[in-house]
Amino acid sequence: MDNSFVELIKDIKKDDSINNLEKNYQKCVSYLKDLDKRKSNDKLFLMNSVVKEKSLVLLKLLYLQMFGKKIDKEYNFSVIQLLTCNKYFLKRRGFFFLNSISDNDDIIFLSINLFKKELYKDSINSIDQNTKGTVLSSLSNIGTKIIKENINIFKNMNTINTNNVNTINTNNEHNQHK
């Protein structure tokens, strides 16, 4: 993709019409598909360059999302590639993207396993410490949705347990009166 992230912003500031947003969105999507095709066709294609380019395209998609464009779930798996990189700036982009998409449970659960791996790394390297802080921040952002959904399960379990206790108490009282 020839344009940088700054070029995308300038283009949208010049013309923020729906047609221009759609044109930029389609450019990003087609470029992601092209990257995957090139990667599968070229045996010498460097994975680092693919991930770096994908991270830039994902940032552009996030920017377009602020204007109402919906990011397809098929591109969310590119985030996992970013989270498995060794370079901190690529991981940070992946965490940023992950914080913005919380509607794909598959990605969230895969990323939680990656979070565990990052948090249990034994290192005093400052970059690893930054990564751990970013992991905790992302975990708190995506964890609230999971916790919210599971609290309803706990409420239902509490209601079931209360009903079971009441039934047991009623049965015990009935047996005592006999």
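For the stretch 72-87: of the residues being modelled with pLDDT of 80 or more and not polar (S, T, N, Q), which is surrounded by the fewest Cβ atoms within 10 Å (Cβ to Cβ)?
LYS87
Scan the stretch 44-65 and report the pairs whose first residue is more than 15 Å from LYS27 (Cα to Cα) and whose second residue is modelled with pLDDT under 85 and not in a helix (DSSP H, G or I), with Cβ atoms within less than 6 Å and a gap of 6+ or a chain change.
VAL51/CYS85
For residues in the stretch 64-84 being part of a loop (DSSP other than H, G, I, E, B) and of a type in the set (S, T, N, Q), which is nearest to VAL135 (Cα to Cα)?
Result: THR84.
The values are calculated or read from the model by the stated rules, or taken from the named source; none is laboratory data. Quantities reported herein were computed from a predicted structural model and do not represent experimental measurements. Here Cβ is always computed from backbone atoms with ideal geometry, including for glycine, and neighbour counts include all displayed protein chains.
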